[in-house]
Amino acid sequence: MRSLVVALVLAATAVPAAAQTPAAPAATPPVREITNIAGEVYRFRNNAHYSVFVVTPAGIVASDPINAPAATWLKDEMKKRWPDKAIKFAVYSHDHSDHISGGEVWADTATFIAHDNAREVILGEKRPTVPPQVTFSDNATIWLGDTPIELHYVGRNHSNNSLVIRFPRERVLFAVDFIPVHGVAFRDFPDAYLDEWIDSLRKVETMDFDILAPGHGPLGKKADVAAFRGYLEDLRAQVLAAARAGKSLEETKQSVDLSKYKDWAGYEQMSQLNIEGAYRLVQGTRRPNQ
């Protein structure tokens, strides 16, 4: 056995330098930070993903863990900054794994909450996280000490289980993936319900808040909800008109004009995909003459 080991070592050292595989470049460490939004409410960044949490005298209520390394980093930071506080409740914004993976990191102290529809998907799709232990259908309020955290289901949009979290004292609202701030929608509307999405935005517009904290991108304000609703309505109306005129997808992509949104985030990468997705959804729900 020793001679085999020696032979392998000698063989390895005999490889000419030119034939060796170059070392892979070092991975870029993720960008992670915590910022205060207002009062007791904080925002956590992990690269392009964001979640929020509130620090109360009785403990912490956190939203999406994002992934296990991010959840571990955040938990460690919380211990440094608030050593006498633990995560008591964790709320999933919706079922998609890029936001809710890693819940097991917080499972020693947290109870997990989500919409009724999310639990079935999390279990069925085997999302790499802790299934929610508490679910609800419409609205719920978490009271941690004397701090209220409101959870609202506003209907189907980017998924069939998206929640918004409202912090009434700070007048902050957290919404993930279905209300971008000054940005277009994601790709071709995967797992989406376009007509109901517009209705859900109208419901959010009736809520009382000043600061909008999305799951991606910069903070916004209430007016950004109406602005994005206007974008979806404009997109849907143009695509529907093209479909009713009998235009193909390629013809529709040529005719739909979204140039007024050219300065929005993701326009160059996503606007054509948005048209493709809207065309698919419109064709799937309209009732043309038979």
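Which condition does residue 220 not pass, out of (1) surrounded by 14 or more Cβ atoms within 10 Å (Cβ to Cβ); (2) under 26 Å from residue 282 (Cα atoms), if it passes all the others? Unmet for residue 220, out of (1) surrounded by 14 or more Cβ atoms within 10 Å (Cβ to Cβ); (2) under 26 Å from residue 282 (Cα atoms): (2). The requirement of being farther than 14 Å from residue 181 by Cβ and not polar (S, T, N, Q) is satisfied by residue 237. Scanning the range 151-160 for residues that are open to solvent by 40 Å² or more (accessible area, probe 1.4 Å) and either part of a strand (DSSP E or B) or free of Cβ contacts under 8 Å to residues at least 12 places away in the same chain (or both) yields a single hit, 153.
Pull up the range 110-128, narrow it to residues that are assigned to a helix (DSSP H, G or I) and without any contact (Cβ under 8 Å) to a residue 24 or more places away in the chain, then point me to the one that is least open to solvent (accessible area, probe 1.4 Å). So that I can check it myself, show each step before the final result.
Our first condition is that a residue be assigned to a helix (DSSP H, G or I); within the range 110-128, this holds for 116-124.
After this cut, where a residue has to be without any contact (Cβ under 8 Å) to a residue 24 or more places away in the chain as well, the list is 119-120, 123-124.
Details: 119: 95, 120: 146, 123: 86, 124: 53 Å².
Per the stated criteria, the residue is 124.
Counted as qualifying within the range 161-234 are no strands (runs of 3 or more DSSP E), as none has 3 or more residues that are over 21 Å from residue 136 (Cβ atoms) and free of Cβ contacts under 8 Å to residues at least 60 places away in the same chain.
Here residue 102 does not qualify as open to solvent by less than 40 Å² (accessible area, probe 1.4 Å), touching a helix residue (DSSP H, G or I) at 6+ places or on another chain (Cβ under 7 Å), in contact (Cβ under 8 Å) with a residue 40 or more places away in the chain and among the small types (Gly, Ala, Ser). Residue 283 meets each of the listed conditions (1) assigned to a helix (DSSP H, G or I); (2) open to solvent by less than 50 Å² (accessible area, probe 1.4 Å); (3) out of contact with any Asp or Glu (no Cβ under 9 Å at 6 or more places or on another chain); (4) touching a residue at least 40 places away in the same chain (Cβ under 8 Å) apart from (2).
Results for (1) at pLDDT below 95; (2) among the hydrophobic types (A, V, I, L, M, F, W, C); (3) open to solvent by 50 Å² or more (accessible area, probe 1.4 Å), shown as yes or no for each residue.
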site	(1), (2), (3)
184	no, yes, no
191	yes, no, yes
194	no, yes, no
198	no, yes, no
226	no, yes, no
232	no, yes, no
247	no, no, yes
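Restricting attention to the range 249-270, the residues that are assigned to a helix (DSSP H, G or I) and either surrounded by fewer than 19 Cβ atoms within 10 Å (Cβ to Cβ) or in contact with a Ser or Thr (Cβ under 9 Å, 6 or more places away or on another chain) (or both) add up to 12.
The values are calculated or read from the model by the stated rules, or taken from the named source; none is laboratory data. Please read these numbers as outputs of a predicted model, since none were measured by experiment. No Cβ is skipped: glycine too gets one built from the backbone with ideal geometry, and neighbour counts run over all protein chains shown. Note: areas computed on protein heavy atoms with side chains; ligands, DNA, RNA excluded. Shrake-Rupley method; radii C 1.70, N 1.55, O 1.52, S 1.80 Å.
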